[in-house]
Amino acid sequence: MWQAFVDFIANILVFLNTAIAGAGIPFSFGFAIILFTVLIKVVTYPLNKKQMESTRATQDLQPKLKELQKKYANDKEKLSQAQMQLYKEAGVNPLGGCLPMLVQMPIWFALYRAIYGMAGSENAAYSAAIHAPFFWIPSLAGPVTDRAAGLTWLYPFVNGAPPVGWVDAISYLILPILLVVSQLYTQKMMSPQSSDPNQKAMGQAMMLMPLMFGYFALVVPSGLTLYWFTNNILSVAQQWWINRSMDMKQAHAKDAAKQNGNTAPKPAKLKDADTLPPADPTEAAEAKSNGDGADTGENTQVENDEQYRPKASRPKSKRKRKK
């Protein structure tokens with residue numbers, strides 16, 4: 001079953017290589033590996049999208065996570081429960097970033113076996129495809145075609161030079177260096193900045209992976225390193241696109257909230273007659289007779305207010321009447 005899957009991967013690479021070479025494009029097998037990587041990225045895009053959105057959502061939760069850490073600083077059990085509840089309410093899986101990697105692991109191993117198998121195969125089509133150069137790389141089957149060879153292509157030196165010679169050695173080293181740099185950038189971009197100790201420990205462990213991939217790139221055929229490097233570049237592009245989409249959604253949501261706030265009905269302004277009673281009850285009576293004044297309740301309010309005015313401010317006619 002497993003060998004059938006490995007052969008299936010090898011046949012896909014050969015098919016793509018034949019199609020690209022038939023189109024007159026040089027370095028056809030290298031471009032076949034790149035195209036194969038693109039196809040894998042397309043197939044696994046839903047999982048990668050979910051992982052990247054989860055990473056972004058985790059970053060957005062950091063202020064609330066810090067508040068929980070202050071609140072439950074002396075109770076780790078309650079802190080863990082509160083954090084899990086927060087993740088659940090936000091729909092975030094803190095371990096969601098591992099799923100796409102687990103899904104792609106069988107493809108990596110199958111591609112690894114397929115390229116090794118093609119490098120040592122007696123099939124002329126397989127051998128010609130894998131041993132072809134790609135830009136500065138002397139052969140996509142190199143620097144080693146034997147799993148047990150390790151770093152013997154680079155050290156010990158023979159007559160002051162690596163066994164494959166300085167030119168080929170430097171040519172083979174360029175792609176692993178690019179892989180480590182791209183892996184570090186990808187890992188930093190896709191790892192959420194978290195104050196959670198568990199998340200920090202996981203992030204530190206994940207930062208060791210670029211160095212592991214860098215070592216693997218030195219002891220496997222360059223065709224597999226090309227796949228890893230292309231995968232990193234596509235991951236960075238996907239992360240940028242998803243971040244941009246989420247930023248646009250958040251901006252639209254803020255604009256909609258502002259518009260809803262601005263279009264809310266404003267409280268009606270009170271008329272002067274509703275706030276202050278007329279200074280003179282005679283004027284209020286005249287306004288009522290003309291139909292412009294307030295109703296009976298307002299006149300009653302005016303009369304009540306008149307009783308509490310200081311005598312000096314009352315109209316003279318009022319004072320005479322009281323006398």
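Laboratory data are not the source of any read-out in this text; all were calculated from the coordinates shown. Note that the coordinates shown come from a computational prediction; the quantities given were computed from them, not determined experimentally. For neighbour counting, all protein chains shown are included, and Cβ atoms are generated from backbone atoms with ideal geometry for every residue, glycine included.
Quick notes on this one:
- Distance between modelled label sites at Asn93 and Ala19, nm, 7 Å Cα→Cβ extension: 3.1
- The order of Leu86, Leu226, going from fewest to most other C-beta atoms within 10 Å of their C-beta, is Leu86, Leu226.
- Pairs from Lys41/Lys76; Lys188/Lys258; Lys41/Lys70; Lys78/Lys258; Lys41/Lys78; Lys76/Lys188 whose Cα-Cα separation, in the structure shown, is over 31 Å: Lys41/Lys76; Lys188/Lys258; Lys41/Lys70; Lys78/Lys258; Lys41/Lys78
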